[in-house]
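*Asks:* Supplied in structure tokens, the structure appears directly below.
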Amino acid sequence: MKNEIRRLIKEEIARVKRCEELTEMVWERWGGKEDGVPLFTLCTYVPMSTQKEVGDREEVFREIVLDIKDGFEDDEDYMQSYRAVLLTLAKQILETWGETAQELTVIPIPASSRERTSQRWKNLLEDLTTITSMENGYGALMPTEDRIPRHWRHGRIPPKPFKVDKSLVEGRMVILLDDLVNSGKTMSQAAEQVEENGGHIVACFTIGRTPES
């Protein structure tokens, strides 16, 4: 069954035309916390604010990150980015944990508001957990208040604590999923709140990371 799922994922990835090199896209382990929790990322994200010239591949990665952040489902480019992230993420999880993935709960780090959190993560988690048999932890973390998205403003906004639904966290083996890591403070804060409420972080995934992260 697992091999059949992988075959279907590979075939679907090959049909995504936005990036000819998509079949070579992999989630790479690029670091770990002191306690050994692995951190995986799909691509390096170079912010447009840096005014740095990037190649075609880096531009595709940039667009994928921004598509997922904004979550406009009626946009064709978004749907291609969505499939790229979903299928490569599912493949990585199945290759890393295999059948034991069903013992894990995936929890997304919230966006700037409940509405944007839903746009960004709700469908993605439903599809991801269907493929991998993981538990869906959508809603375990939610923003304490609505605010302007960080990438829509100049400068940085300090991360704020999240509301935690302990029933979706306590006793769970958790994979944290984020769209973009800059300093890593938001990811660390989310991990702390999960563990404070009885969860155990086994891995963290971020679609993009900035070069300085």
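The values are calculated or read from the model by the stated rules, or taken from the named source; none is laboratory data. Predicted, not measured: the structure shown is a model, and the values here were computed from it. A quick note on method: Cβ atoms are made from the backbone with ideal geometry, for glycine too, and the neighbour counts reach across all protein chains shown.
*Asks:* Name the residues in the stretch 163-213 that are assigned to a loop (DSSP other than H, G, I, E, B), among the acidic types (D, E) and within 18 Å of the chain's Cα centre (by Cα), would you?
*Replies:* Passing the criteria: none in range.
*Asks:* Filter the stretch 71-86 down to residues that are surrounded by fewer than 18 Cβ atoms within 10 Å (Cβ to Cβ) and either touching a Leu at 6+ places or on another chain (Cβ under 6 Å) or in a loop (DSSP other than H, G, I, E, B) (or both) and give me whichever is modelled with the highest pLDDT.
*Replies:* D75
*Asks:* In the set V106, V46, which member is closer than 16 Å to I207 by Cβ and surrounded by 21 or more Cβ atoms within 10 Å (Cβ to Cβ)?
*Replies:* The unique qualifying residue is V106.
*Asks:* Also, I was wondering about something else. Filter the stretch 109-134 down to the residues that are among the β-branched types (V, I, T), buried (at least 20 other Cβ atoms within 10 Å of the Cβ) and more than 14 Å from L177 (Cα to Cα) and list them by number.
*Replies:* Passing the criteria: only T132.
*Asks:* Next question. What are the pairs with Cβ atoms under 8 angstrom where one residue, in the stretch 184-213, is within 25 Å of T100 (Cβ to Cβ) and the other, located anywhere, is assigned to a strand (DSSP E or B) and of a type in the set (D, E, K, R)? Sequence gap at least six, or different chains.
*Replies:* Once the first residue is within 25 Å of T100 (Cβ to Cβ) and sits in the stretch 184-213, its partners that are assigned to a strand (DSSP E or B) and of a type in the set (D, E, K, R) give M187/D178; A190/D178; C204/D178; F205/D178; T206/D178; T206/D179; I207/D178; I207/D179.
*Asks:* Right, something else. Being under 12 Å from the mean Cα position of the chain (by Cα), of a type in the set (A, V, I, L, M, F, W, C) and either within 20 Å of V37 (Cα to Cα) or surrounded by 18 or more Cβ atoms within 10 Å (Cβ to Cβ) (or both) is the requirement here; does L141 meet it?
*Replies:* no
*Asks:* So which pairs qualify, if the first residue must be in the stretch 102-115 and in a strand (DSSP E or B), the second must be of a type in the set (F, W, Y), the Cβ gap must be under 9 Å, and the two must be at least 6 apart or on different chains?
*Replies:* Pairs that qualify, where the first residue is in a strand (DSSP E or B) and the partner is of a type in the set (F, W, Y), are L104/W97; V106/Y138; V106/F205; I107/Y138; P108/W121; P108/Y138.
*Asks:* If only one of G199, G184 is modelled with pLDDT of 95 or more and not acidic (D, E), which one is it?
*Replies:* G199 is the lone residue from the list that is modelled with pLDDT of 95 or more and not acidic (D, E).
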